[in-house]
Structure formats: C-alpha cells, structure tokens
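Working notes, structure below.
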Amino acid sequence: MDVEILARIQFAFTIAFHYIYPPLSIGLGLLLVIFEGLYLKTGNKMYEQITRFWIRIFALIFGIGVATGIIMEFEFGTNWATYSKYVGDIFGSALAAEGIFAFALESGFLGILIFGWNRVSSKVHFFSTLMVFLGSMFSAIWIVVANSWQQTPAGYHIVGKDLEARAEITDFWAMVFNPSSVDRLIHVWIAAFLAGIFLVLSVNAWYILKNKHLEIAKPSFKIALVAGTVFSLLQLFAGHRSADVVYKHQPAKLAALEGHYDSMAVADMFLLGYVNNKTQEVTGIKIPGGLSFLTQGDFNKPVKGLNAFKPDERPTQVNAIFQFYHIMVAIGMFLIALTVYASWLSYRKKLFEKRWLMWVFVWAVLAPQIANQTGWFAAEMGRQPWVVYGLLRTSDALSKTVTANQIIFSLVLFTVVYMLLFVLFLYLLNKKIVHGPVDHGTKEDIEEGRKRDNPIMDHHQ
C-alpha cells in the first residue's frame, strides 16, 4: 500500500476517533446550561442533582477529547509537511484563535465547573458553566473555519511556486467567512447538540426501563426530548443550506454525493441505492428530478455531473461517498421521526408507557455519532483529489521523507492506544451511569422540589 493511502487512513482513523468526544461535550454543555439555569431560576434541588451528575460525565468526555486531539497536530508535521507549509498561514491563524478564544476560555472555567460547588456562589458557578459551553462552541468555530477554507478558499493569495508555494491571508475576515464556513458551522453545531442530547436521552431511558432514579430520569428525559425535537427539525434546514453551498461551490462533490454523471440529464434524488462507477449507473429508490428541484427549484433542469470534470479532478470512490452521505441523511430523518413521535406521546401523557420506545432511545445514542462520522467522511472524500479544493492535490501534500513502514508502525501503535482509551472511557462512563445521579441531598428533597416545579415537568404518566 502506498504512502498516500496509508497517511490518509491514519489521519482518518485518528480524527474519527477524536470526533466521538467534541460533539458530546458541545451537546452536553448545552444541556448543562439548561439544567443549571432551571436550578438557578427555581431553586429546585432536582435540577442541581441533574447538573451535578452530568458535569461528572462531561469532565470524563472532555479529558478523553483533549488526549485524543493532540496527536492530530503532530500528524500534520510528520505525514503532511507540504500541506502544513502550504496552509500554515491559514491554519496557524485559525488554530491560534482557537487556543486564545476557545480552549483557554473552556479550560479556564472547567475547574470551577467541576470543583466549584459550595465554593462559589450559584450565579458564579452558572457563569462558569456557560463559559465552558461557549468555549466548546468557539473551538468548533475555528476548526470548522479552517476546514471550510480547504473546501471553499477565500481571502488569500499564493506566494512562491511549486514546492515553495504557500497560501497567505490577504483578508482575515474573508478567510473566516469563506463561502461555506457559516452554513457548515451551523450544521456541525446542531449535529453536536444532537450527540449530547441523545446521550442524555439514552441514559435516562435506561433508568426508566430499570425503574431507577425516576424522580430525576423522567424530567431529564422530557427536557432533553424537547431539545432533541427542536434541533432534529432545525438540522433538516441546516443540512439543506449546507448542500446548497456544495452545489454552488463544489459541483463535483455534489455529483458524487448523488452518483450523478451526465451533465445534460435531470438529476434524480436517491433515497438509497448503489453506484457502479464503471458503468456510471445508480440502482435504487429515487425521486425523479428530486436533486434538480432541490438545487434549482425545477424538476426538469439538468445538474452538472461528474463527466463534466476531468477524471483526475473528480472523486473516484463515488459509491463510498454516496453511501456515507445517504446514511447521514437517513439517520437525520430517523431522528426527526423518533423525536416528533415521542413528543406527541408526551403531549398525550403516554410517553413512558411505551417500553419498546425507551429501548429505542437507549440505542439511539449511536445514531448521531454515526451520522457525524459518515457526514465528515462524505465531505472529506467528496473533496478529493484536492486537499485544498482546486489548489493543492492530496498526493502533493505529503511529506517527502516519510515511509510506508513508518506510517504502518505508528498506525498500529495509535490503534492500540486508542482502543485502550476507548475501553477505559466506556468503563468509567458505565461506572458513573450505574452509580446514578443521587449522591447529594435526599430523594425526598428532590421529590418535594419536583412537585413545586412547573406542572409541565410532572412525570406521572
């Protein structure tokens, strides 16, 4: 196997593993703000218990996320030295901004978030919770900005030629607000919210099934369900806007996402299918002219296909890109159906009567994670053969001295370390979940507080 493929596999593996954790911390951070905000507003001990419990899990996720993220920065230098030199001015600015505005803010208040109970006032603690959440949001901003610049470069000029060429910023804000950054950021934020929300839904569904901690599990589930329903529906619109940006700025990627080859033909929208790249045919269930309508508002207008691009300037793994993209979309529709149905049952006060539905929620924690991974795979593979779209090919971005054996050795080593970290993460997470949320105050305090609260939170169903 050649160096380029190995280097891509290694980076894909490390970033895919790392990307399990930041979305969870962002989504869980949102719910921590909601839970603690309700505690601050009502004084209800139930919300304090909920917040304390999820802060412990947040701290675990944050720690593993930091540990797994560091390795990727070294890979830029070891495996992708030419790329690092080419985009160093762009990435340097974005990553420096992340360190100053995001990581420093997040880590600076993390200690108060975790250890500040009974040491600072409730308002100061809530402020620290809010700052940690905003820090995670800011971190996503700069990472997505840097990645979006690779997809739709703007605000730069090229200095030097051939191996000495590199991109320099000419307009910082044009670089930040490149054509795809805002829409992609909203799409990523909502996906992260859903990852954290469905973790909370999963754990509380398990408690409900096991008839444990019901005085906390049922209200927590309802709050998370409201958030999950809202963001699942919002993701439908955010995803469409993001796809519209791809249509305008990366037509080859859009054609690969839908397996569309003929530029003179109307573009169908496939719900599922299989792409044969040799025969350039797609078999599956489709909406005739659906892609034409979504991109141009007309079922009969042709859409630019893969054949409009030179073979060496378009993606080659079309079926893989097609499948990853459609898995992401299918999961998005599943989350909408699941949350809307559960919200309807909640309105009718029959939500917790459906044990089968609680089991679905227990396992649905995997769905946003799979959608996040497949969405990123589709986005990054669809950009090929470019690492910086239209400017720098992936094959030209490699380090000139790294060998296949070196990459294989480090990949095996990373795999062993990451698997150990993942097992440790699951062990500690399971231990915290089994322990449960009640270790401060009494069950009677929480029950009394719950009864004083808004009737909408009543869990006797």
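Filtering region 269-290 to residues that are touching a strand residue (DSSP E or B) at 6+ places or on another chain (Cβ under 6 Å) and over 26 Å from Thr152 (Cβ atoms) leaves Leu271, Leu272, Gly273, Tyr274, Val282, Thr283, Gly284, Ile285, Lys286, Ile287, Gly289.
Scanning region 400-416 for residues that are assigned to a helix (DSSP H, G or I) and either at pLDDT below 90 or under 19 Å from Gly77 (Cβ atoms) (or both) yields Ala404, Asn405, Gln406, Ile407, Ile408, Phe409, Ser410, Leu411, Leu413, Phe414. Asn147 passes every criterion in (1) modelled with pLDDT under 90; (2) within 27 Å of Phe377 (Cβ to Cβ) apart from (1). Of all the listed residues (Lys222, Lys210), the sole one being charged (D, E, K, R), more than 27 Å from Trp386 (Cα to Cα) and at pLDDT 95 or above is Lys222.
Restricting the first member to region 203-215 and to residues that are at positive phi, and the second to residues that are of a type in the set (A, V, I, L, M, F, W, C), the beta-carbon pairs closer than 8 Å and six or more apart or on different chains are His213/Val438.
Only one of the numbered conditions (1) free of Cβ contacts under 8 Å to residues at least 60 places away in the same chain; (2) more than 29 Å from the chain's Cα centre (by Cα); (3) within 25 Å of Gln150 (Cα to Cα) is not met by Asp312, and that is (1). Scanning region 5-52 for residues that are under 20 Å from Leu105 (Cβ atoms), small (Gly, Ala, Ser) and within 17 Å of the chain's Cα centre (by Cα) yields Ser25, Gly27, Gly29.
Conditions (1) surrounded by fewer than 19 Cβ atoms within 10 Å (Cβ to Cβ); (2) closer than 30 Å to Ile5 by Cα, marked per residue:
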{"position": "Lys41", "(1), (2)": "yes, no"}
{"position": "Gln49", "(1), (2)": "no, no"}
{"position": "Phe58", "(1), (2)": "no, no"}
{"position": "Gly65", "(1), (2)": "no, yes"}
{"position": "Met72", "(1), (2)": "yes, yes"}
{"position": "Asn79", "(1), (2)": "no, yes"}
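Only a single criterion out of (1) over 28 Å from the mean Cα position of the chain (by Cα); (2) at pLDDT below 90 is not satisfied by Ser139, namely (1). I'm trying to understand the selection: among the residues of region 230-246, which are surrounded by fewer than 19 Cβ atoms within 10 Å (Cβ to Cβ) and either out of contact with any Gly (no Cβ under 8 Å at 6 or more places or on another chain) or within 16 Å of Ala379 (Cα to Cα) (or both)? If the condition is that a residue be surrounded by fewer than 19 Cβ atoms within 10 Å (Cβ to Cβ) and either out of contact with any Gly (no Cβ under 8 Å at 6 or more places or on another chain) or within 16 Å of Ala379 (Cα to Cα) (or both), then Val230, Leu233, Leu234, Phe237, His240, Arg241, Asp244 are the ones that fit. Taking region 234-256, which residues are within 17 Å of Val188 (Cβ to Cβ) and either of a type in the set (A, V, I, L, M, F, W, C) or free of Cβ contacts under 8 Å to residues at least 12 places away in the same chain (or both)? Answer for region 234-256, where residues must be within 17 Å of Val188 (Cβ to Cβ) and either of a type in the set (A, V, I, L, M, F, W, C) or free of Cβ contacts under 8 Å to residues at least 12 places away in the same chain (or both): Leu234, Leu236, Phe237, Ala238, Ala243, Val245, Val246. Of all the numbered requirements in (1) in contact with a Pro (Cβ under 6 Å, 6 or more places away or on another chain); (2) over 24 Å from Lys310 (Cβ atoms); (3) not acidic (Asp, Glu), Gln384 misses one, and that requirement is (2). Filter region 165-209 down to the residues that are polar (S, T, N, Q) and out of contact with any strand residue (DSSP E or B) (no Cβ under 8 Å at 6 or more places or on another chain), then identify the one that is farthest from Trp363 (Cα to Cα). It comes out as Asn178. From the list Lys212, Lys222, the one residue that fits, being touching a helix residue (DSSP H, G or I) at 6+ places or on another chain (Cβ under 7 Å) and among the basic types (Lys, Arg), is Lys222.
Mind listing just one residue for me: the one in region 283-297 that is outside any strand (DSSP E or B) and loosely packed, with under 14 Cβ neighbours inside 10 Å and, of those, farthest from the chain's Cα centre (by Cα)? Result: Pro288. The residues of region 29-52 that are under 18 Å from Phe115 (Cα atoms) and either among the aliphatic types (A, V, I, L, M) or out of contact with any helix residue (DSSP H, G or I) (no Cβ under 8 Å at 6 or more places or on another chain) (or both), listed by number, are Leu32, Val33, Leu40, Ile50, Arg52. If I filter region 206-219 for residues that are within 26 Å of the chain's Cα centre (by Cα), aliphatic (A, V, I, L, M) and surrounded by fewer than 24 Cβ atoms within 10 Å (Cβ to Cβ), do I get at least one hit? Looking through region 206-219, none of the residues is within 26 Å of the chain's Cα centre (by Cα), aliphatic (A, V, I, L, M) and surrounded by fewer than 24 Cβ atoms within 10 Å (Cβ to Cβ). With respect to Phe133, determine if the residue is at pLDDT below 90 and either within 19 Å of the chain's Cα centre (by Cα) or of a type in the set (D, E, K, R) (or both). Considered against the rule, which asks whether it is at pLDDT below 90 and either within 19 Å of the chain's Cα centre (by Cα) or of a type in the set (D, E, K, R) (or both), Phe133 comes out as no. Considering Leu130, Leu105, Leu163, the condition of being in a helix (DSSP H, G or I) and over 28 Å from Leu32 (Cβ atoms) is satisfied by Leu163 alone. The numbered conditions (1) under 28 Å from Asp396 (Cβ atoms); (2) in a loop (DSSP other than H, G, I, E, B) are all true for Asn300 except (1).
Quick check: anything in region 82-92 within 25 Å of Leu429 (Cα to Cα), crowded, with 16+ Cβ neighbours inside 10 Å and hydroxyl-bearing (Ser, Thr, Tyr)? Within region 82-92, none of the residues are within 25 Å of Leu429 (Cα to Cα), crowded, with 16+ Cβ neighbours inside 10 Å and hydroxyl-bearing (Ser, Thr, Tyr).
Reported count of residues in region 305-349, each being assigned to a loop (DSSP other than H, G, I, E, B) and either surrounded by fewer than 18 Cβ atoms within 10 Å (Cβ to Cβ) or in contact with an Asp or Glu (Cβ under 6 Å, 6 or more places away or on another chain) (or both), is 7.
The values are calculated or read from the model by the stated rules, or taken from the named source; none is laboratory data. A quick note: this is a predicted structure, and the numbers were derived from the prediction, not measured. All Cβ positions, glycine included, derive from the backbone under ideal geometry; neighbour counts span all protein chains shown.
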